[in-house]
Amino acid sequence: MPAYKDQNKGTWFAAFYYEDWTGKKIKKYKRGFPSKKDALNFEREFCNKAKGNMDMTFESFTKVYFEDKSGELKPRSIRNKQYMISTHIIPYFGLKKMNEITPADIISWQNDIKQNHAYSDAYLRMLQNQLTAIFTHASKIYNLENNPCKKVKKMGKSDGRSLVFWTEEEYKLFIATFEKGSMHYVIFEILFWTGCRIGEVLALTRNDFDFEKGQMQINKTFSRINRKDNIDKPKTASSIRTIDLPDFLTNEVQKYCDRLYGQNGTERIFPIVAEAVQHVMKSHTKKAGIKKIRVHDLRHSHASYLIHLGVQPLIIKERLGHKDIRITLNTYGHLYPSEQKKVASLINNMQQT
């Protein structure tokens with residue numbers, strides 16, 4: 001694998017042919033390396049990547065992973081995954097070759113994370129899931145023979161019982177701290193009474209509402225990444241849905257939209273970002289004197305409110321836009337009261353007649 005020196009600039013460059021995963025030969029040329037070693041390392045990693053060779057380093061394969069997933073994941077999801085991987089996983093595995101990482105290496109990484117960071121079980125599970133996703137992709141798509149994650153117990157846990165949410169009483173104390181009809185007031189009303197995701201609410205336009213029918217269409221989501229506004233499709237196909245609104249909320253949204261003079265039906269009616277909503281929520285939570293929760297927890301608050309009313313899981317699944325009923329049950333199933341006492345009472349009544 002030759003490398004060449006640019007005598008005029010004193011830097012090195014790589015010029016070589018490589019085979020892509022189809023076997024086709026392609027010429028590659030890249031300048032500006034400070035040393036011959038750097039140029040040769042670039043060539044080796046590039047060729048491994050092109051062929052999907054698991055002899056490449058973990059860090060190089062993460063780039064392959066995100067390239068492959070670019071059409072599948074939303075920009076916000078990619079940003080979050082990249083942060084966790086670059087901060088907590090690449091520093092440990094980055095220079096190791098994919099086919100040389102062992103289950104013992106995974107256990108060592110888990111112990112290092114748990115001993116040096118006071119992360120919650122939920123966050124530990126999220127980190128584990130990122131690592132597992134990379135090795136699963138390597139196994140399924142690039143024929144990595146041994147997936148080390150399969151032989152190791154996952155760290156952390158996903159515990160639906162740790163959900164934090166507001167009761168209706170707590171929410172009413174919170175919303176009372178806003179001027180009725182203001183932009184933030186209407187945003188939080190929609191969040192609590194529909195269970196929508198914040199990105200879905202911030203993407204809403206006037207055309208998404210049918211005020212006569214009292215309905216709201218969810219068909220897109222908003223995010224801001226690297227100071228750029230993005231309007232994307234919702235999280236999943238199931239997230240595209242029509243939500244029936246209570247009369248009072250329909251009236252609140254219609255009055256708010258009627259005050260947006262000069263705005264066409266395709267402009268966002270809430271021209272702010274999610275971080276700003278979280279900041280406002282934090283400030284008004286303190287004013288209301290209630291426990292702190294995240295904006296996303298208003299979605300959980302809506303679900304718990306519906307459960308309190310006796311609404312069945314399938315209806316909640318459709319309203320929240322969950323992909324699968326199992327997601328709804330795994331997340332909120334424990335909030336449903338046990339039916340055991342009801343069964344015992346039925347038996348008692350039958351024996352007494």
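Quick notes on this structure:
- In this structure, the amide hydrogen of residue 11, modeled 1.01 Å from its nitrogen in the peptide plane, lies closer than 5 angstrom to those of 6, counting only residues at least 5 positions away or on a different chain.
- Close amide H contacts of residue 144 (hydrogens built in the peptide plane, cut-off under 5 Å, sequence separation of 5 or more or a different chain): 139.
- Calculated from backbone phi, Karplus (6.51, -1.76, 1.60) coupling profile of region 86-93 in Hz, x at Gly/Pro: 5, 7, 10, 10, 4, x, 9, 9
- Here the Karplus relation 6.51 cos²θ - 1.76 cosθ + 1.60, evaluated at θ = phi - 60°, turns the backbone of region 291-299 into coupling constants of 5, 6, 9, 8, 4, 4, 5, 5, 5 Hz, with x for every Gly and Pro.
- The eigenvalues of the Cα gyration tensor, multiplied by 5 and square-rooted, give region 71-144 an equivalent ellipsoid with semi-axes of 20, 18, 10 Å from largest to smallest.
- Its residue count N fixes a reference of 2.2 N^0.38 Å for the chain, and the Cα radius of gyration divided by that reference is 1.29.
- Phi angles of region 130-138 translate, via the Karplus equation with coefficients 6.51, -1.76, 1.60 and θ = phi - 60°, into HN-Hα couplings of 5, 5, 4, 4, 5, 6, 5, 5, 5 Hz per residue; Gly and Pro are given as x.
- Given 5/27; 287/323; 37/74; 74/286, the pairs whose alpha carbons are separated by over 30 Å: 287/323; 37/74; 74/286
- Each peptide in 180-188, 145-153 gets a packing score, the mean of other Cβ atoms within 10 Å over its residues, and the list from highest to lowest is 180-188, 145-153.
- Rg/Rh for region 69-225 stands at 1.10; both radii use Cα atoms, and Rh follows the Kirkwood definition.
- Each peptide in 111-122, 59-70, 298-309 was scored by the mean count of other Cβ atoms within 10 Å over its residues; highest first, the order is 298-309, 59-70, 111-122.
- Assuming charge only on the beta carbon of Lys and Arg (+1) and of Asp and Glu (-1), the dipole of region 149-266 about its Cα centre is about 1180 debye to the nearest 20.
No value in this document is a laboratory result; all are computed from the given coordinates. Every value quoted in this text rests on a predicted model; they were computed, and no experiment measured them. Glycine also receives a Cβ, built like all others from the backbone with ideal geometry; neighbour counts cover every protein chain displayed.
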